[in-house]
1. At what distance in nm do the modelled label points of B:ASP277 and A:GLU43 sit from each other, each positioned 7 Å from its Cα along Cα→Cβ?
2. With both partners inside the protein assembly as shown, how many of the DSSP beta bridges are antiparallel, as a percent to the nearest 5?
3. Hey, rough spin-label estimate for B:ASN192 and A:ARG102, points 7 angstrom out along Cα→Cβ, what's it come to in nanometres?
4. Which whole-Hz ³J(HN,Hα) couplings does the range B:104-120 yield from phi under the Karplus relation 6.51 cos²θ - 1.76 cosθ + 1.60, θ = phi - 60°, glycine and proline marked x?
5. What nm distance separates the two modelled labels at B:LEU317 and B:LYS230, each placed 7 Å from Cα along Cα→Cβ?
6. Chymotrypsin sites (Phe, Trp or Tyr not before Pro) within the range A:2-108: which are DSSP loop residues with at most 14 other Cβ atoms inside 10 Å?
7. At a 10 Å Cβ-Cβ cut-off, how would you order B:MET163, B:MET324, fewest neighbours first?
8. Would you give the gap between the C-alpha center of the range B:117-178 and the C-alpha center of the range B:90-114, rounded to a whole Å?
Amino acid sequence: MEEGIDVDTALDRFMGNEEMYCRFLLKFFEDANYGRLQEAFEEKNPKACFEAAHAMKGVILNLGMDVLARDLIPMVEIFRKGTCEGAETYLDGFDGCYQQLRNRLITLLT
Amino acid sequence: MNKGMILIVDDEEINRFVLAQAFEEKYETVTAEDGEIALERILEYQDRLKAVLLDVFMPVMSGFDVLEAMEEEDLLDKVPVIMITGDGSADIEEKALGLGAVEFVTKPFEIPVIQMRVRNTIELFAHKRNLEQLVREQTERIERQKDRLKTSNYRLLEAIATMVEFRDLETGEHIVRIKAFTRMLAEAVMKNYPEYELTQEKIERIVYASATHDIGKISVPDAILLKPAKLTADEFEIMKTHTTVGAELIRNMNYTIDQEYSAYCTEICLYHHEKYDGKGYPKGLVGDDIPISAQIVSIADVFDALVSERCYKKAYLPEEAFRMIYAGECGMFNPKLLDCLEQCREAFFLEAMKNTERS
């Protein structure tokens, strides 16, 4: 899919259940972990950053949102080391993709 | 047949949904969104759960905390735990394995792989539990057989003892009564004199062993054993050897199944004619140098001899037998045992009367 989502693989994961897959795609953007990550990053709290980013990573991968994983995965590794240093670029990239994908999916699916 | 149950623990709803959907065909699935709820579910469904799929990072209580709590409740032996890890980090896997997890599945979920891993884990775990159960059952069976073997050996020795008794007594009732008197006295000793360290188990063995006290009489010639008059000094010397011969017989049987029992048989055979003041035989032991088992059987034997008819004497009434024992007419006994005899007086009396009624 042009939006950077591996729909085929993800749908297999959902046993072909399209309705539930779409529901979870939209639901992802209601996930509080996104807000938590922003907040924790502003507070320069790597532990809280890691928890929020790590939780999102599992969901993103399961939903096949490869475009979001690209920036998120290196970010998780930085936070895992107990620092926020060097994560900013990834976070910016991640935010951009996140907003773009959000708008696109809301238009497409609602 | 009821479907087995799988518990899925993950704080992300999508992960719970995807896994539940993957397993709902073959299993009943329950979910929990944090460790605390997971633990409640595990406790509630512990008898039905086939596996727990457990996320590591969760609010309230992490997957590691859940593993620790399960270990405390002995639940890890009942249900296999499969960890859901984000990234297969070695640290996390090592920690989870150390805490008792048995398998891992990783995100993003590869459903067919996860299904097979879970199935394999459940089968292996069931296999392991079956084997453990089998070992338990076999062990119990061996224990039961060992007990049966022990009892049949007690009975065998008792049968031999009874045959020996048949030579000088009309029936084998003496052995039955000796066992009854021995049990009553031994139980009184256990209750009143803990310094002798008797236990119910020891008493069982002593009671069985008491049957063998005169087994050495097999070597005493009829002319002496059945002589209806007082023995000469030489004859008495031969009569006395039934103690050492009996102990020797038991020792030669090299009885290893129950060495404690064998030891009681030996000391009872050897010392049941010793007296508290050292005037008994064969060794002339004094006081508590005489093993408590032999002291008990000694009183039981003397009492029964007094109230029974023998080739050289008539039967005394129980009252007279008690009087003679307390007056020291049958040699000196341990005052503690005489105290126990006093406490058993009524029971001894009843057992002795059974004897009179029969004859």
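A short reminder: the numbers here are calculations on the coordinates, not readings from a lab. These numbers come from a predicted model, not from an experiment. Note that each Cβ is placed from the backbone with ideal geometry, even for glycine, and that neighbours are counted across all protein chains shown.
1. So the label points at B:ASP277 and A:GLU43 sit 9.4 nm apart.
2. Working: 1 of 20 bridges.
If I count the DSSP bridges inside the protein assembly as shown, around 5 percent turn out antiparallel.
3. Roughly 9.1 nm, to one decimal.
4. Karplus values, whole Hz, x for Gly and Pro: 10, 10, 10, 9, x, 5, 9, 4, x, 5, 5, 4, 5, 4, 5, 4, 4.
5. 2.7 nm
6. Working: sites: A:PHE14, A:TYR21, A:PHE24, A:PHE28, A:PHE29, A:TYR34, A:PHE41, A:PHE50, A:PHE79, A:TYR90, A:PHE94, A:TYR98; in loops: A:PHE14, A:PHE29.
Sites meeting the loop and neighbour criteria: A:PHE29.
7. Values: B:MET163 12, B:MET324 15.
Going from least to most buried by this count: B:MET163, B:MET324.
8. What the calculation gives is 46 Å, centre to centre.
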